[in-house]
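What follows is calculated from the coordinates using simple rules that are stated; it is not laboratory data. Note that the structure is a prediction, hence the values are computed from the model and not measured. Glycine also receives a Cβ, built like all others from the backbone with ideal geometry; neighbour counts cover every protein chain displayed.
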Amino acid sequence: MRRTLAKASFYTAVNLLAFALLGTAILAFTYNQTHERIEQSVEAEKLKLISQIVPQALFDNDVIADTLKITPDPLLGTEDATTAYRARLKGKPSVLVMEAVAPDGYSGKVALLIAIRDNGELAGVRVVSDRETPGLGDYIEIAKSKWILQFNGTSLAKYNGENWQVKKDGGQFDYMAGATISPRAVVKAVHKALQYFAQHQDALFAGTSLGVTP
């Protein structure tokens, strides 16, 4: 009887192991088949947004090829190395497009693209991804609202630190009643990104990497 139970337990364990290995193999195969397409889709979305915030009149170089890697930094809210895109006009720095993350959005992280002119002014900001509630917090997206356009032309010189808040908190930026958490997070993230740019502007336009081994 004991031998029969042991034998049954053994076969059960073998079957469970086989199913686990099969499931792992299927997941690995699915990932290998789809992750490259997902990455390409994300990159295509970034390029579309870059074209919105860096007008053609501001550059004559290949912005997509003129890039550098940036190490994770608290001012950018990033946990992994990111790519910055550099626009130049007649060989001189014109606009830098950086990736940043607002970690404290209402439903989680809000990924951003932030374009900053060489004079420190914002050329534009766009949301790359977020998990905001449809019809409420998602008004931070350009496809849903013009809210994010209020960053255009702002800078550290134009607004001091206290101004970089939503109006509810005494700052300069509009918000929708009942949905202030994510706008508040985005304003803070943009402000920090401008500080990062101010600290590293020369290196950002000159190098092939910033804190990252090429």
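Structure data summary
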read-out	value
Ranked by how many other beta carbons lie within 10 Å on average, peptides 103-112, 172-181 from highest	103-112, 172-181
For Val63, net neighbour charge (Lys/Arg +1, Asp/Glu -1) across residues whose Cβ lies under 11 Å away	-1
Over 16 Å [Cα-Cα, the range 51-111], rounded percent	51
Local electrostatic count, Ala100, Cβ distance below 14 Å [Lys/Arg +1, Asp/Glu -1]	-1
Spin-label pair Ser107/Lys167, simplified geometry with 7 Å Cα→Cβ offset, distance in nm	2.6
Across Lys146/Lys167; Lys92/Lys188; Lys46/Lys188; Lys90/Lys188; Lys46/Lys69, pairs whose alpha-carbon gap is larger than 23 Å	Lys92/Lys188; Lys90/Lys188
